[in-house]
Amino acid sequence: MGLFQFEGQIKYEKTLDKKGRPVFKLFIYVRKEGHRGKVWDVSWKARGGRVGKGVSGGEESLSSLLFALSLLQNLENRASFIVMDEFDSALDENRKAKVFELYAEELQRKLIILSPKGHEDEYYNRFSKAFIVSHDPTELRSKVKGIKLNSAKNLV
């Protein structure tokens with residue numbers, strides 16, 4: 001988390017349900033580095049409904065992505081690719097770039113990114129291939145508009 005100027009901790013609770021089976025609750029706490037305030041549970045706003053408490057939506061997304069990265073690094077079975085659906089919707093451009101770099105460097109696997117956004121060329125240059133799918137509401141099917149290779153200047 002230090003790469004993103006955050007510090008945090010992970011805690012868990014283990015309880016038993018009515019049938020005696022273990023139930024684990026995971027809590028991820030974060031705060032900005034150097035901030036003297038309380039370390040907030042990233043899901044505090046959603047659970048408690050308190051406006052202005054905890055972290056922003058982008059910070060919450062970032063902490064979830066970092067936690068997912070940690071899990072992916074420690075799984076016994078390594079998937080050959082990772083699909084990320086709208087992971088960047090709440091991230092600013094700087095954090096988005098750092099997340100790309102971190103995932104690519106740490107996992108060294110194929111990333112498949114699903115995003116409803118339109119993006120600048122700089123975004124697409126991070127990939128070896130980009131498939132752009134469009135939908136015309138007058139037709140009953142979607143179309144692949146273009147494929148872009150890392151070295152290409154324009155969509156084909």
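Rounded to the nearest whole Hz, the Karplus-based 3J(HN,Hα) values (6.51 cos²θ - 1.76 cosθ + 1.60, θ = phi - 60°) of the range 67-84 follow the sequence 5, 4, 4, 4, 5, 4, 5, 10, 6, 5, 8, 8, 6, 7, 8, 10, 9, 10, with x at glycine and proline. For Leu111, the residues whose modelled amide H falls within less than 5 Å of its own, excluding neighbours fewer than 5 places apart on the same chain, are Ile82. Among 14-24, 102-112, sorting by the average number of other beta carbon atoms lying within 10 angstrom of each residue, highest first, gives 102-112, 14-24. For the range 87-109, there are no residues whose amide N sits under 13 Å from a probe point set 7 Å from the Cα of Ser142 along the beta carbon direction. Less than 5 angstrom separates the built amide H of Ala130 from those of Lys148, all sequence-distant by 5 or more or on a different chain. Phi angles across the range 100-105 convert, under the Karplus curve 6.51 cos²θ - 1.76 cosθ + 1.60 with θ = phi - 60°, into 3J(HN,Hα) values of 3, 4, 5, 4, 5, 5 Hz, Gly and Pro given as x. Which of the pairs Lys98/Lys129; Lys25/Lys98; Lys96/Lys143 have their Cα atoms more than 25 Å apart in this structure? Pairs exceeding 25 Å: Lys25/Lys98; Lys96/Lys143.
Throughout, read-outs are computed from the coordinates displayed, never taken from laboratory work. Quick caveat, the model's predicted, so the values are computed rather than measured. Counting neighbours? That spans all protein chains shown, and the Cβs are built from the backbone with ideal geometry, glycine included.
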